[in-house]
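**Student:** Submitted below is the structure of interest, expressed as structure tokens.
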Amino acid sequence: MKINALVAVDAAKPLTSGDITLRPLQNQDVKIDILYCGVCHSDLHMARNEWAVSRYPLVPGHEIVGRVSATGTGVSAFQVGDIVGVGVMVDSCRECHFCKQHEEQYCEAGFTATYNGIDKYTGESTWGGYAESVIVDQDFVVSVPHNLPLAGVAPLLCAGVTVWSPLRHFNVKAGDAVGVVGLGGLGHMAVKLASAMGAEVTLFTTSPEKGEDARRLGAKRVVVSRDAAQMAACHTSLDFIIDCVAAPHDLDPYLATLKTNGRLVLVGIPDQPHASPNITPMVFRRLSISGSSIGSIRETQEMLDFCGQHGITADVEMIGGEAIESAFARMLKGDVKYRFVIDMQATRW
């Protein structure tokens, strides 16, 4: 089945409209006509082969919201007409320790990525959401709450669950003092979700002008991280920090804001390593640094249900697919609040 898509054919060339062939519908498959697809920074990395793993042709996109248009004979979880989502994964080994405990994102064989992965049925690359349709195994599809605006749901499938997973895994609860480093696609969702969970949120930013927006999103305190006095005023005040910045930076000032037994969780992946932190305060205050990768299918559904209950979606700017290259350019300058979303119905193929 041939469909229209935005295709990267080379790292040095812009994405262009072209056609791709979807795999035949398998018994467990759901065919989804895509309504919206978020534009994640990793899409740009992959389109430009900045991680040196891209295989061309490549169709990016792993923040997908759409309507079920067909199902395989073995599908029981979804029916035609359902509004559903697909995130970063479309399969995993299903057999390893992590898969069996519903942590597919840590699959020992490596999960199958929504795009640029290897389709187990065809042996060819998986195609992402910058397209008219996608075919995905029902076990990697999630239900979207009916009360949420769908364009704002799309970024929840990656940015939302990436910050939700550590909040849940490390048992952040109402009344906890939570820091969020960076107010971008991930950071703005961390502020929204942590505050909705009842945490007292402190936003760390290098941009003082983001303070008003951070408070609108739910932050109780905004700290300009380049201001030594403001950072000193936060000394040993936080239980937990999510660091959403994908650029190398000094972790020591943030560790200093943690209480004894505090934890700093990294979800941003820099292109160069962070400087090694000072171990002494970590030892004497039993501090921890952790990493966290996206989230499981179960966590994704849990996060969507929570967002439905609390009316939470991402702050988005809508574009047509033909504007993807200008969106990439603006992303590089940080010129988006806070996620671009492609309207597939408005895209001119």
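**Student:** Could you work out what % of the accessible surface of the stretch 233-349 is carbon and sulfur, using a 1.4 angstrom probe and leaving DNA, RNA and ligands out of the count?
**Tutor:** C and S atoms contribute 53 percent here.
**Student:** Next question. Take the residue pairs LYS100/LYS192; LYS13/LYS210; LYS100/LYS173; LYS192/LYS220; LYS31/LYS337; LYS13/LYS120 and return only those whose Cα atoms are more than 23 Å apart.
**Tutor:** From LYS100/LYS192; LYS13/LYS210; LYS100/LYS173; LYS192/LYS220; LYS31/LYS337; LYS13/LYS120, over 23 Å: LYS100/LYS192; LYS13/LYS210; LYS100/LYS173; LYS31/LYS337; LYS13/LYS120.
**Student:** Here's a follow-up. Among THR114, ILE312, VAL172, which residue has its Cα furthest toward the positive end of the charge dipole of the chain, with +1 on Lys/Arg Cβ and -1 on Asp/Glu Cβ?
**Tutor:** VAL172
**Student:** Quick check: net charge around ALA109, other residues with Cβ under 14 Å of its Cβ, Lys/Arg +1 and Asp/Glu -1? Provide the component values of the computation, followed by the final result.
**Tutor:** Numbers: positive: ARG94, LYS100, LYS120; negative: ASP91, GLU95, GLU103, GLU104, GLU108.
Every neighbour counted, the sum reads -2.
**Student:** For the stretch 298-349, what is the accessible area per residue in Å², given a 1.4 Å probe and the full set of protein chains?
**Tutor:** So the stretch 298-349 comes to 48 Å² accessible per residue, rounded to a whole number.
**Student:** For the chain, give me the percentage of DSSP beta bridges that are antiparallel, rounded to the nearest 5 percent. Provide the component values of the computation, followed by the final result.
**Tutor:** Details: 33 of 59 bridges.
Roughly 55 percent of the DSSP beta bridges within the chain come out antiparallel.
**Student:** Would you please give the residues with an amide H less than 5 Å from that of MET89, counting only those at least 5 places away or on a separate chain, with H modeled from the backbone geometry?
**Tutor:** Here the answer is THR114, since their amide H atoms fall under 5 Å of that of MET89.
**Student:** Follow-up question, since we're still on this one. Ranked from the most accessible area to the least, with a 1.4 Å probe and all protein chains present, what is the order of PHE240, PHE284?
**Tutor:** From most exposed to least exposed: PHE284, PHE240.
**Student:** Suppose only helical runs count, i.e. DSSP H with n ≥ 4. What mean residue ellipticity at 222 nm does that imply for the chain under -39500 (n - 2.57) per run, divided by all residues and rounded to the nearest 500 deg cm²/dmol?
**Tutor:** -6000 deg cm²/dmol
**Student:** Let me ask another. Sort HIS235, HIS45 from largest to smallest accessible area, using a 1.4 Å probe on the heavy atoms of the protein chains. All intermediate terms of the calculation are to be shown ahead of the outcome.
**Tutor:** Values: HIS235 105, HIS45 45 Å².
Accessible-area ranking of HIS235, HIS45, largest first: HIS235, HIS45.
**Student:** Picking from GLN28, GLN138, GLN301, which is most flexible by a Gaussian network model of the chain using Cα springs under 10 Å?
**Tutor:** Judging by the Gaussian network model, the answer is GLN28.
**Student:** By its C-alpha gyration tensor, with a ≥ b ≥ c as the square roots of the eigenvalues, how is the stretch 160-291 shaped: rounded for a/c under 1.5, else prolate for a/b larger than b/c, else oblate?
**Tutor:** Taking the square roots of the gyration eigenvalues as a ≥ b ≥ c, the stretch 160-291 is rounded.
**Student:** Using a 1.4 Å probe on the protein heavy atoms only, what accessible surface does ARG67 show? Give it in Å² to the nearest 10.
**Tutor:** For ARG67, solvent-accessible area is about 110 Å².
**Student:** Could you report the accessible area of LYS2 in Å², rounded to 10, computed with a 1.4 Å probe on the protein chains as they sit in the structure?
**Tutor:** It works out to around 150 Å².
**Student:** A further question follows. Ignoring ligands, DNA and RNA, what percent of the accessible area of the stretch 123-193 is carbon or sulfur (1.4 Å)?
**Tutor:** That share works out to 50 percent.
**Student:** Oh, and also: Rounded if a/c is under 1.5, else prolate if a/b beats b/c, else oblate: with a ≥ b ≥ c from the C-alpha gyration tensor eigenvalues square-rooted, which is the stretch 282-341?
**Tutor:** oblate
**Student:** Given a 1.4 angstrom probe, what's the average accessible area per residue across the stretch 160-291, in square angstrom?
**Tutor:** 44
**Student:** Could you report the accessible area of ARG215 in Å², rounded to 10, computed with a 1.4 Å probe on the protein chains as they sit in the structure?
**Tutor:** Around 130 Å² of this residue is reachable by solvent.
**Student:** On full extension of the chain, what length is gained from GLN230 through LEU332, given 0.36 nm per residue of separation minus the C-alpha to C-alpha distance?
**Tutor:** Full extension from GLN230 to LEU332 adds 33.9 nm.
**Student:** Additional query: Please work out the C-alpha center-to-center distance from the stretch 1-68 to the stretch 308-349 and express it in whole Å.
**Tutor:** Each part's Cα centre sits 15 Å from the other's.
**Student:** What residue among THR114, THR236, THR257 shows peak mean-square fluctuation when the chain is described by a Gaussian network model with Cα springs under 10 Å?
**Tutor:** Result for the chain, Cα springs under 10 Å: THR236 fluctuates most.
The values are calculated or read from the model by the stated rules, or taken from the named source; none is laboratory data. Computed from a predicted structure; not experimentally measured. Please note: Cβ atoms are built from the backbone with ideal geometry, for glycine as well, and neighbour counts cover all protein chains shown. When the accessible area is computed, the model is the full protein with side chains, heavy atoms only, and any ligands, DNA or RNA have been set aside. Shrake-Rupley method; radii C 1.70, N 1.55, O 1.52, S 1.80 Å.
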